[in-house]
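The values are calculated or read from the model by the stated rules, or taken from the named source; none is laboratory data. Computed from a prediction, not measured in an experiment: that's the story for all the values here. FYI the Cβ positions are ideal-geometry reconstructions off the backbone, even for glycines, and counts take in every protein chain you see.
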Amino acid sequence: MNDSKKLSIILLTFSTLLCLNTTTHAHAAEESVFLKSENSQKQWVGKPAPDFKLQDQNSKWHELKQYQGKWVVLYFYPKDNSPGCTQEANQFKNLYPQFIKNNAVVLGVSLDDVKSHQKFSEKLGLPFPLLADVHHQLANQFGIVRNLGITQIAKRESFLIDPQGTIVYHYSSINTQTHAAQVLADIQKFSKKK
């Protein structure tokens with residue numbers, strides 16, 4: 001066997017081993033993401049939602065107890081006017097009449113202040129409240145405050161709360177284009193079970 005054939009066999013063997021190792025790591029990462037998601041579900045699902053008292057873009061106060069008897073979509077987002085947050089807010093806006101028909105309220109929450117929410121809401125024509133969690137009261141209760149350099153933001157996560165005030169689903173991985181439709185479908189699915 002000449003040297004070039006030996007080299008080819010060695011390279012082929014090495015690349016095969018490398019592929020197997022990469023596949024194993026990818027599978028382990030996939031399992032890790034799945035386990036994280038499953039653990040975050042276990043952490044919140046079935047527990048009473050934390051109470052809150054926060055102002056919206058019009059300086060109106062909102063508390064969880066005022067929504068007793070309704071489904072509550074509490075969706076946290078990082079920043080007013082960012083591309084992903086704009087897309088997600090528009091998805092909720094487009095489906096908002098369907099949420100109303102299904103006895104649900106949508107509450108957006110970020111760490112931005114009332115004035116920022118007011119501009120963002122007016123710009124997009126949002127029909128639902130955006131709650132200003134400027135002191136991180138609610139985001140801290142859910143453990144979703146994240147450091148971004150010298151500033152802090154809320155992670156993009158959502159919680160579906162049933163009419164009795166119990167968390168029935170925690171969305172920790174969100175696609176801004178499809179999230180609102182997914183939550184609406186889940187409300188319809190859970191409503192049939194009750």
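See the values below:
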| quantity | calculated |
| --- | --- |
| Flag if ILE100 is within 19 Å of LYS60 (Cβ to Cβ) and either part of a loop (DSSP other than H, G, I, E, B) or at pLDDT 95 or above (or both) | yes |
| Any hit, region 138-151, residues being closer than 23 Å to LYS65 by Cβ, touching a residue at least 12 places away in the same chain (Cβ under 8 Å) and outside any helix (DSSP H, G or I) | yes |
| Residue selected from region 74-97 under the condition assigned to a helix (DSSP H, G or I) and of a type in the set (Gly, Ala, Ser), by the criterion farthest from LYS189 (Cα to Cα) | GLY84 |
| Some residue of region 140-155 being closer than 20 Å to HIS179 by Cβ and of a type in the set (Ser, Thr, Tyr) | no |
| Count of residues meeting criterion [in contact with a strand residue (DSSP E or B) (Cβ under 8 Å, 6 or more places away or on another chain) and either closer than 10 Å to ALA49 by Cα or not assigned by TED's automatic domain parsing to the domain that holds LEU64 (or both)] in region 157-181 | 8 |
